[in-house]
Amino acid sequence: LEGIRDKVRPGTFKPYEAIVRLHIKPTLGRTKLDKLNTMQLEKLYRQKLDAGLSARRVRYIHVTNRKALKDAVRLQLLSRNVADAAIPPRPVKSEIESLTQDQMSSLLDAARGDKLHALNVLALTTAMRQGELIGLQWKDVDFDCGTVRVDRSVYEGVVSSPKTSAGRRTIRLSKLAVAALRQHRIDAARQRISEWVFPNAYGTPIGHQNPHNRSWKPLLKRAGLSPTLSDSTTCAIAVYHCHWRVVSQ
């Protein structure tokens, strides 16, 4: 963990840390490196599956084991990586069901009047990730051209650049999104001045849990939609494949 702390984003490090703390250390923490074998790893994966963890989660445990042991080989603490021979469970493919036009209309109607109305409209019409939405600054918004520029992401207060060049992009906004941002800009001018489009009371980016728990979940409830759509990022991706007539107005 110390070896990757400064090499990965906070949002990437946190799941690694949780996997080590909750799954690897309690089971394998007292095993010496040179005594660890492939059978122990596969036994761990079997135990986690039997305990109710998803195959995808158990594969994350395997990836973490393999990465750590690869570093051990690089540092000459081991002669070989026993995780290379371990067979993790096969992932179960799950389909994301796109929102229907009626569901889109219900969500957009329910979003009106919400403090984060503009953020919700952007999430529903652009498929931007939550960190990208939180990381928007007013200089990224071009009202004349009707576009928004994605140049950064924010997770737990840490600002970072997109992982790839494709992540840095310009998105064409619907008329609905432009109107929501214009009204949000007017409302923001009456409050604390901030370079961030969605700031907290201190003028810094809002926490990533704020839109999820305080806005998105209540929004789903008001719209009469399933709480399984509580992951706004997943929902935004699903919306990306939805019928666009609703949001092009």
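Here's the yes/no breakdown for (1) of a type in the set (S, T, N, Q); (2) over 23 Å from the mean Cα position of the chain (by Cα):
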site: Pro162; (1), (2): no, no
site: Arg168; (1), (2): no, no
site: Arg172; (1), (2): no, no
site: Ile193; (1), (2): no, yes
site: Trp196; (1), (2): no, no
site: Ser215; (1), (2): yes, no
site: Leu225; (1), (2): no, no
| Which of the residues spanning the range 79-96 are over 18 Å from the mean Cα position of the chain (by Cα) and part of a loop (DSSP other than H, G, I, E, B)? | Ser79, Arg80, Asn81, Ala85, Ala86, Ile87, Pro88, Pro89, Arg90, Pro91, Val92, Lys93
| What residue, among those in the range 5-31 that are free of Cβ contacts under 8 Å to residues at least 60 places away in the same chain and in a loop (DSSP other than H, G, I, E, B), is most open to solvent (accessible area, probe 1.4 Å)? | Arg30
| request: Sort through Ala123, Ala85, Ala110 and tell me the only one that's at pLDDT 80 or above, under 30 Å from Asn65 (Cα atoms) and touching a Leu at 6+ places or on another chain (Cβ under 9 Å). | output: Ala85
| message | Can you pull out every residue in the range 181-190 that is surrounded by fewer than 17 Cβ atoms within 10 Å (Cβ to Cβ) and within 17 Å of Thr125 (Cα to Cα)? | response | Arg182, Gln183
| said: Can you pull out every residue in the range 157-216 that is in a strand (DSSP E or B), of a type outside the set (S, T, N, Q) and in contact with a helix residue (DSSP H, G or I) (Cβ under 9 Å, 6 or more places away or on another chain)? | reply: Val158, Ile171, Arg172, Trp196, Pro199, Pro205
| Are there any pairs with C-beta distances below 6 angstrom linking a residue in the range 38-56 that is farther than 19 Å from Arg80 by Cα to a residue that is open to solvent by 50 Å² or more (accessible area, probe 1.4 Å), with the two at least 6 apart or on different chains, and if so which? | Leu44/Thr27; Ala55/Pro91; Ala55/Val92; Arg56/Pro91
| message | Quick check on Leu99: is it closer than 27 Å to Gly207 by Cα and surrounded by 14 or more Cβ atoms within 10 Å (Cβ to Cβ)? | response | yes
| Across the range 40-78, which residue is nearest to Arg21 (Cα to Cα) among those that are open to solvent by less than 70 Å² (accessible area, probe 1.4 Å) and outside any helix (DSSP H, G or I)? | Leu53
| remark: Counted residues in the range 149-180 being free of Cβ contacts under 8 Å to residues at least 24 places away in the same chain, open to solvent by 70 Å² or more (accessible area, probe 1.4 Å) and touching a strand residue (DSSP E or B) at 6+ places or on another chain (Cβ under 8 Å) come to 3
| task | Filter the range 136-156 for residues that are among the charged types (D, E, K, R), part of a strand (DSSP E or B) and at pLDDT below 95 and give the result. | result | none
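The values are calculated or read from the model by the stated rules, or taken from the named source; none is laboratory data. In this text, all values refer to a predicted model and were calculated from it rather than measured experimentally. For neighbour counting, all protein chains shown are included, and Cβ atoms are generated from backbone atoms with ideal geometry for every residue, glycine included. Just so you know, the surface numbers come from the protein's heavy atoms only, side chains and all, with ligands and any DNA or RNA stripped out. Shrake-Rupley method; radii C 1.70, N 1.55, O 1.52, S 1.80 Å.
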